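**Q** My structure is below; once you've seen it, I'll send some questions.
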């Protein structure tokens, strides 16, 4: 016999000690009393006290027993008995369908099967072994936990199980078992819970996750997991230039494998365009002793689409750790690039804005849309929430214009600044330097390079030029710079994108608020340099806009449950064609996704307008399942047994079955009856032993 | 004003005096006083109060013949008169350690010692001295000679009998002592007092009488043998009389007895039976010698109990004369 609430039994035992403690305490606390009639007292004691003392001990024992029995009765005495297989029972099958269940089951238990398939088979086997008349509830550890609103016939339960697929969500095993206990508690039949899982570290955390104490017998089916051959995607990189130009995209997917796997191995990687659902597969080949491999896949894309997102998976080895999906982002804002310039007649060489417009849209209708705005007209709200702004005539911006541009940058816009080509006495350097960041200065004197300055062959690594890296040396070689401004600034504020041969920066990058700024030291006009006339200028301007926007708020991965969304995010909208959630996810002001059930996938991040700007951005973001939730490493037997013993202490672990005690009402009634009899006996004996009222002397 | 004076005044509680005023302390036996008083003297014929007629016998003085009776009945009868004298009273107060027991708060205007006032308890000794003072005051107001003694294993202090004006203060000074760490030995104290008492005297013994009854019996026998009258006033605390304690604790004796673990709830009945038996034994002894025993509850006033005792004795004396 055991107890459903053993602590109440302990409380009863402790309560039993109370009368004794009180008795001893009071006895010890009494101070000696002075008395004159000692001889009379001595004679009275000799006459009666000994008998009284025995009587009082009898009463004390009775009182202690009463308290103990009441405590035991309240502790719900229970018996641990094996369920009879001839009587119908209520069965709740709890199937682990979490992302961890995608792991390969132990080859010793279920060769060639995933943990999910093996666990499902174990559940079905348990259902088929039920005696007739039994009822079944189907529950899973993730997603929709309850799959049956009420108990169903066994054959129906088998059909439901057959339709289930593993999810991409973490395991909520405790809640599932708790729920199973609840639904069984509503039925008057003996209850049994079958829990089938790989019990890998992704399925349960033996350190933190504990199973609730159930009143039903808990039957554990451990299908094991096989964590060999795991490889995981760690990054994706778009190799070629904008898809709008080429009609295709090439992506490098970097894959890593554990250090204990040193053999030559090939891992297939599938890259899918989440917009069109087109996919391409490439192999990442690990050479001996290498832990890193790269798979390069090329996909055709729709050149007219303004937004692109790709997802990479390793579908073949069925390890959930591989299934962590990375997404790379290639996004073009729906808003046109805003160019701040004033129309003027320049018959010689064209203005900076004209050269830039030509680079942004080399073929009419293909490339980046753009529109012009007179710098003098920049006022509050006039930027219209533009995400990319190119300032070609900074000398024409007044204080209000600079303030508006600064606010737009802080709200998340990309600002590109080009020095004015006109000789001007208007002060533009200082507000421009102030906008770039603290410690930045722009010298007022123009530097005329004689002979022309070239660019340094080895350029620094910059996110703006990352896709040009392979051809960069070749592309910059013909560039000659005749005139430039000098930008000085601490490396913590501005980082060089391109550098001249003398070490002076030709392009710098800095960030401000949620936005970024790119500053050219030389204007893209022929009198200043040959940049605008060379092939690099088109991809350089395209990449400056694209990568600048990516840099701002796209491409950062967020992990469900532990990820941090960009500041100001109000909503996540699923992208069509991905495995994203069906409905948008709201995000609270603290950056947490509201409500449970956030699924992995590619989502569009929607941010609210800032307080200082009307900029409203939309970008893509990858929501990946918690990598820890798909840890395929199996909990070893000792660890699992320790966990079972720790989590369901009232139960008895028999092999992989926890037999939980069945509440025994009759035992409780029996204990209470005995306690009542003892109360009666105590009353009678107390009256019998009570000291009679003394007669008047 | 002296301290002794103050202390003497403390015993003159108006309440007590008012309660005792209607009564007189009467000797049951024939007093052997030296002055005229209210008590019966062994000497007859000299007084004015007619006692009885007696048939004339040869040798009687013809002066006491009742000629009126002879004239009516022609028989010779002699008139006898009762001479009344004053009473000698000796009050012995038990000053042993057991008398320092008390469970009542100090009574105002009833005397008491400094020690008991410090302890804040009205002890049996306080009650005894208050009763003794009241009796002494009564005696002095009757112009009887009264003396007091405080004793334990022997006399610890005594004031010779006198009816003078200063006697009251001497008595109070003697009673203002405190109990000593010794047991009460009635034979020892009585022997010492008898050595100083040539005349018939009323002995008033105030004690808890919790000691050996045999010693008391020997002392009473001695007093009876000498023809003295005795009043035994048993001073017992209310708690001693009722044992109204619900406690289990070690009890320690005031006169050096060993400690005793007692649960009062379990022994109360037996204790009260023992107490009753003990008091009945003392009462039986007193009656055997023709003496009185009165039990005093120290939680009650001195006056009513003392008045009841005096009233009872007065009735007994009057009946005896008839």
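**Q** Out of curiosity, is residue B:279 surrounded by fewer than 20 Cβ atoms within 10 Å (Cβ to Cβ), within 11 Å of chain A (Cβ to nearest Cβ) and assigned to a helix (DSSP H, G or I)?
**A** Details: surrounded by fewer than 20 Cβ atoms within 10 Å (Cβ to Cβ): yes; within 11 Å of chain A (Cβ to nearest Cβ): yes; assigned to a helix (DSSP H, G or I): yes.
Against the criterion (surrounded by fewer than 20 Cβ atoms within 10 Å (Cβ to Cβ), within 11 Å of chain A (Cβ to nearest Cβ) and assigned to a helix (DSSP H, G or I)), residue B:279 qualifies.
**Q** Please enumerate the residues belonging to the range A:21-44 that are part of a helix (DSSP H, G or I), at the interface with chain B (Cβ under 7 Å from one of its Cβ atoms) and modelled with pLDDT under 85.
**A** Passing the criteria: only A:27.
Residues are listed down the side, and each one gets a yes or a no for (1) surrounded by fewer than 23 Cβ atoms within 10 Å (Cβ to Cβ); (2) in the same structural domain as residue A:506 (by TED's automatic domain parsing); (3) in contact with a helix residue (DSSP H, G or I) (Cβ under 8 Å, 6 or more places away or on another chain); (4) modelled with pLDDT of 60 or more:
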residue	(1), (2), (3), (4)
A:570	yes, no, no, yes
A:595	yes, no, no, yes
A:605	no, no, yes, yes
A:609	yes, no, no, no
A:625	no, no, yes, yes
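**Q** Still on this model: Does the range A:511-523 include one or more residues that are in contact with a helix residue (DSSP H, G or I) (Cβ under 6 Å, 6 or more places away or on another chain), more than 27 Å from residue A:410 (Cα to Cα) and modelled with pLDDT of 90 or more?
**A** no
**Q** Consider the range A:262-282. How many of its residues are surrounded by 14 or more Cβ atoms within 10 Å (Cβ to Cβ), assigned to a loop (DSSP other than H, G, I, E, B) and modelled with pLDDT under 80? Spell out how you get there, then give the answer.
**A** Initial filter on the range A:262-282 (surrounded by 14 or more Cβ atoms within 10 Å (Cβ to Cβ)): A:262, A:265, A:267-276, A:278-282.
Narrowing the set further to residues that are assigned to a loop (DSSP other than H, G, I, E, B) leaves A:262, A:274-276, A:278.
Going one step further and asking which of them are modelled with pLDDT under 80, we end up with A:262, A:274-276.
Looking only at that region, the number is 4.
**Q** Scan the range A:428-471 for residues that are in contact (Cβ under 8 Å) with a residue 24 or more places away in the chain, surrounded by fewer than 19 Cβ atoms within 10 Å (Cβ to Cβ) and part of a loop (DSSP other than H, G, I, E, B) and jot them down.
**A** Once the filter is applied, which keeps residues that are in contact (Cβ under 8 Å) with a residue 24 or more places away in the chain, surrounded by fewer than 19 Cβ atoms within 10 Å (Cβ to Cβ) and part of a loop (DSSP other than H, G, I, E, B), the range A:428-471 yields A:437, A:438, A:439, A:443, A:445, A:446, A:456, A:460, A:463.
**Q** Of all residues in the range B:259-274, which are touching a strand residue (DSSP E or B) at 6+ places or on another chain (Cβ under 8 Å) and more than 7 Å from chain A (Cβ to nearest Cβ)? Working first, answer last.
**A** Filtering the range B:259-274 down to residues touching a strand residue (DSSP E or B) at 6+ places or on another chain (Cβ under 8 Å) leaves B:259-265.
Correct list: B:261, B:264.
**Q** Confirm whether residue B:283 is in contact with a strand residue (DSSP E or B) (Cβ under 6 Å, 6 or more places away or on another chain) and under 23 Å from residue B:217 (Cα atoms). Quick ask: steps written out before the conclusion?
**A** Numbers: in contact with a strand residue (DSSP E or B) (Cβ under 6 Å, 6 or more places away or on another chain): yes; under 23 Å from residue B:217 (Cα atoms): yes.
So residue B:283 fits the description; yes.
**Q** Additional query: Residue check: is residue B:43 at pLDDT below 65 and either crowded, with 24+ Cβ neighbours inside 10 Å or over 30 Å from residue B:252 (Cα atoms) (or both)?
**A** Spelling it out, residue B:43 is indeed at pLDDT below 65 and either crowded, with 24+ Cβ neighbours inside 10 Å or over 30 Å from residue B:252 (Cα atoms) (or both).
**Q** When the residues of the range B:239-258 are narrowed to those that are out of contact with any strand residue (DSSP E or B) (no Cβ under 7 Å at 6 or more places or on another chain) and not in a loop (DSSP other than H, G, I, E, B), which ends up nearest to residue B:204 (Cα to Cα)?
**A** Narrowing the range B:239-258 to residues out of contact with any strand residue (DSSP E or B) (no Cβ under 7 Å at 6 or more places or on another chain): B:239-240, B:242-247, B:255-258.
Cutting the leftovers down to not in a loop (DSSP other than H, G, I, E, B) gives us B:239-240, B:242.
Details: B:239: 24, B:240: 22, B:242: 25 Å.
The extreme case among them is B:240.
**Q** Failed condition for residue A:387, given (1) crowded, with 23+ Cβ neighbours inside 10 Å; (2) modelled with pLDDT of 85 or more, with all others met?
**A** (2)
**Q** Follow-up. Looking only at the range A:78-110, count every residue that is surrounded by fewer than 24 Cβ atoms within 10 Å (Cβ to Cβ) and either within 17 Å of residue A:171 (Cβ to Cβ) or at pLDDT below 85 (or both) and tell me the total. Steps first, answer last, please.
**A** Step one: filter the range A:78-110 for residues surrounded by fewer than 24 Cβ atoms within 10 Å (Cβ to Cβ), giving A:78-90, A:106-110.
From the residues that got through so far, the ones that are either within 17 Å of residue A:171 (Cβ to Cβ) or at pLDDT below 85 (or both) too are A:78-87, A:106-110.
Selection size over the range A:78-110: 15.
**Q** Then there's this: Please find, among A:420, A:457, the residue that is closer than 19 Å to residue A:354 by Cα and more than 42 Å from the chain's Cα centre (by Cα). So that I can check it myself, show each step before the final result.
**A** Details: A:457 fails: closer than 19 Å to residue A:354 by Cα.
Only one candidate passes the filter, namely A:420.
**Q** If I ask for residues that are surrounded by fewer than 21 Cβ atoms within 10 Å (Cβ to Cβ), out of contact with any helix residue (DSSP H, G or I) (no Cβ under 8 Å at 6 or more places or on another chain) and not in a helix (DSSP H, G or I), which ones from the range B:140-160 would you list? Spell out the reasoning first.
**A** Within the range B:140-160, the subset surrounded by fewer than 21 Cβ atoms within 10 Å (Cβ to Cβ) is B:140-143, B:153-158, B:160.
Among the residues that remain, those that are also out of contact with any helix residue (DSSP H, G or I) (no Cβ under 8 Å at 6 or more places or on another chain) are: B:141-143, B:156, B:160.
Within the range B:140-160, B:142, B:143, B:156, B:160 qualify.
**Q** If you don't mind, there's one more thing I want to ask. How many residues, within the range B:239-252, are within 7 Å of chain A (Cβ to nearest Cβ) and either in contact (Cβ under 8 Å) with a residue 12 or more places away in the chain or within 24 Å of residue B:300 (Cα to Cα) (or both)? Before you say what the answer is, go through the steps one by one.
**A** Of the residues in the range B:239-252, the ones within 7 Å of chain A (Cβ to nearest Cβ) are B:240-241, B:247-252.
Remaining after also requiring either in contact (Cβ under 8 Å) with a residue 12 or more places away in the chain or within 24 Å of residue B:300 (Cα to Cα) (or both): B:240-241, B:247-250.
Final tally of qualifying residues: 6.
**Q** For residue B:129, state whether it is over 18 Å from residue B:170 (Cα atoms), modelled with pLDDT of 85 or more and either in contact with a helix residue (DSSP H, G or I) (Cβ under 7 Å, 6 or more places away or on another chain) or surrounded by 24 or more Cβ atoms within 10 Å (Cβ to Cβ) (or both).
**A** Details: over 18 Å from residue B:170 (Cα atoms): no; modelled with pLDDT of 85 or more: yes; either in contact with a helix residue (DSSP H, G or I) (Cβ under 7 Å, 6 or more places away or on another chain) or surrounded by 24 or more Cβ atoms within 10 Å (Cβ to Cβ) (or both): yes.
Here the answer is no, as residue B:129 does not meet what is asked.
**Q** I would also like to ask the following. Exactly one condition in (1) in contact with a helix residue (DSSP H, G or I) (Cβ under 9 Å, 6 or more places away or on another chain); (2) within 9 Å of chain A (Cβ to nearest Cβ); (3) surrounded by fewer than 19 Cβ atoms within 10 Å (Cβ to Cβ) is not met by residue B:213; state its number.
**A** All conditions are met except number (2).
**Q** Could you please find all residues in the range B:225-238 being away from chain A (no Cβ under 14 Å), touching a strand residue (DSSP E or B) at 6+ places or on another chain (Cβ under 8 Å) and not in a loop (DSSP other than H, G, I, E, B)?
**A** Here is the first cut: in the range B:225-238, the residues away from chain A (no Cβ under 14 Å) are B:225-233.
Subsequent filtering for residues that are touching a strand residue (DSSP E or B) at 6+ places or on another chain (Cβ under 8 Å) retains B:228-233.
The answer is B:229, B:230, B:231, B:232, B:233.
**Q** Is it the case that the range B:285-302 has a residue that's more than 15 Å from residue A:43 (Cα to Cα), within 13 Å of chain A (Cβ to nearest Cβ) and assigned to a strand (DSSP E or B)?
**A** yes
The values are calculated or read from the model by the stated rules, or taken from the named source; none is laboratory data. Quick caveat: nothing in here was measured; it's all calculated off a predicted structure. As a convention, Cβ positions derive from the backbone with ideal geometry for all residues, glycine included, and neighbour counts pool all protein chains shown.
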